[in-house]
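Step one of this worksheet: look at the structure below.
The values are calculated or read from the model by the stated rules, or taken from the named source; none is laboratory data. Since we're looking at a predicted model, the values are computed, not measured. In this analysis, Cβ positions are derived from the backbone assuming ideal geometry, glycine residues included, and neighbour counts consider all displayed protein chains. All accessible areas refer to the heavy atoms of the entire protein, side chains included, with ligands and DNA or RNA removed. Shrake-Rupley method; radii C 1.70, N 1.55, O 1.52, S 1.80 Å.
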Amino acid sequence: MKVGITGAGRMGRLHAEALAGLPDAPSLLIHDADPRAARGLADALRAGSGATATARPALDDVLAEADALVVASPATGHRSALLAAARAGLPVFCEKPLTADVTEAREVAAAFADGRLHVGFQRRCDPQYRSLRDEIAAGRLGRPLLVRCTAFDDAPPSGTYEQSAGDIFTDCLIHDIDAVHWLTGQPAVAVQADGARLLGDGDGYDVATVVLTLADGARAVLSASRLDPLGYDHRVEVLGTGGSLSVGLDERTPLRHVGEAQGPRAPYASFFDRFAGAYRHEMRAFLDMAASGAPSPCTAQEALLAQEVAAAAGRSARTGERVSVAVDALVGGVGR
């Protein structure tokens, strides 16, 4: 099998290395808007793992030759690549969000109504998150009442990052929005959000809070910060009528008790560190989808729902108003 990768930055490299490490590793065709970056990644893959990897100067060349495509370019470049892949009939993995603009995301979701798109919400492939979902689905927590998500990054992104990746809601908290949908099986129907810039100059928020009202009346409370001086801290807690469980609260969580002399030993350094296993499982799932038609772990329709809610959170933060989400008008729903 030949898998094309468009985007040779940090996410393209991550997914390429994961694919190259599989026992049935495909041949990789690397493309980037900067041909030097594509050649550099292909050279590094061959030198590091002996992977069959070659650079391609044009995306059209990749689409003509590949059996599947990984879209790992900045979100502003997703639309054209995704629509071209849909026309070519290729199964596709796409980094979240679907596109930088929610209107474009609706167009893309409609183009992949056949389910041949896997959107990269890696928590769905994390063993701990999957175990939590199984506990909820089996009814062992009773009826979920409240979900609480912590999304504290280890360091702020570059000053221009949000121009291509989206704001704190679409880039960061969209992961937690999707996780809430996926874990509970309930879509958000209303959003109340707030944000502030406290860490430096700029237009975007670097701290934010979101309250989601779910379709069954339960609530989810999401909090985000672009900086945690002790390390990367992304957790979820679910409280139900029959018990409560958390994911991400362990010996590496960068959180100290009052009076504790030192922070945790070897805290998570970044999302690469915390979700390393999830990213490997993600590429395994994608290759299974591409090779044998296995179900997508996250369809375009599910990703669109998360992006609609993230966009609503941005509107709520700007206006101070609670924003309703017209779930029935979306292209899909929440898979269980």
>> Checking the a/c ratio against 1.5 first, then a/b against b/c, what shape does the Cα gyration tensor give for the stretch 81-202?
In response: oblate
> What share of all Cα pairs of the chain, in percent, falls into each consecutive 20 Å distance bin?
Replying inline: 31, 59, 10, 0
>> Per q in 0.18, 0.26 Å⁻¹, report the Debye log10 I(q)/I(0) for the stretch 254-317, using one uniform scatterer on each alpha carbon and no solvent.
In response: -0.88, -1.03
> Given H placed on each backbone N at 1.01 Å, which residues far from residue 120 in sequence or on other chains put an amide H within less than 5 Å of it?
Replying inline: 94, 95, 96
>> With the cut-off at 1.5 for a/c, could you classify the stretch 146-253 from its C-alpha gyration tensor as rounded, prolate or oblate?
In response: oblate
> What share of the DSSP beta bridges in the chain is antiparallel, in percent to the nearest 5?
Replying inline: 55 percent
> Using a 1.4 Å probe, how large is the accessible area of residue 205, given in Å² and rounded to the nearest 10?
Replying inline: 50 Å²
> What's the longest bit of the chain with no exposed GluC sites (Glu not before Pro), using DSSP loop states and at most 14 other Cβ atoms within 10 Å as the test?
Replying inline: 1-250
> ³J(HN,Hα) across the stretch 55-68 via Karplus (A = 6.51, B = -1.76, C = 1.60, θ = phi - 60°), whole Hz, x for Gly/Pro?
Replying inline: 8, 10, x, 10, 4, 4, 5, 5, 4, 6, 9, 7, 8, 7
>> Order 114, 203, 178, 167 by their accessible area, 1.4 angstrom probe, all chains in place, largest first.
In response: 203, 114, 167, 178
>> Name the residue from 112, 84, 159 whose Cα lies farthest towards the positive end of the charge dipole of the stretch 38-166, charges +1 on Cβ of Lys and Arg and -1 on Cβ of Asp and Glu.
In response: 112
> Roughly how big is the chain's charge dipole about its Cα centre, with Cβ charges of +1 (Lys, Arg) and -1 (Asp, Glu), in debye to the nearest 20?
Replying inline: 480 debye
>> Rounded to the nearest 10 Å², what accessible area does residue 270 have for a 1.4 Å probe in the complete protein model?
In response: 30 Å²
> Around residue 152, what is the net charge, scoring Lys/Arg as +1 and Asp/Glu as -1 over all other residues with Cβ under 12 Å from its Cβ?
Replying inline: -3
> Once every DSSP H run of n ≥ 4 in the chain is given -39500 (n - 2.57) and the sum is divided by its residues, what mean residue ellipticity at 222 nm do you get, rounded to the nearest 500 deg cm²/dmol?
Replying inline: -11000 deg cm²/dmol
> In the stretch 76-200, carbon and sulfur make up what percent of the accessible area (probe 1.4 Å)?
Replying inline: 48 percent
> Tell me, what is the per residue accessible area of the stretch 65-159 in Å², probe radius 1.4 Å?
Replying inline: 39 Å²
>> Please compute the modelled spin-label separation between residue 223 and residue 197, points set 7 Å along Cα→Cβ, answer in nm with one decimal.
In response: 2.3 nm
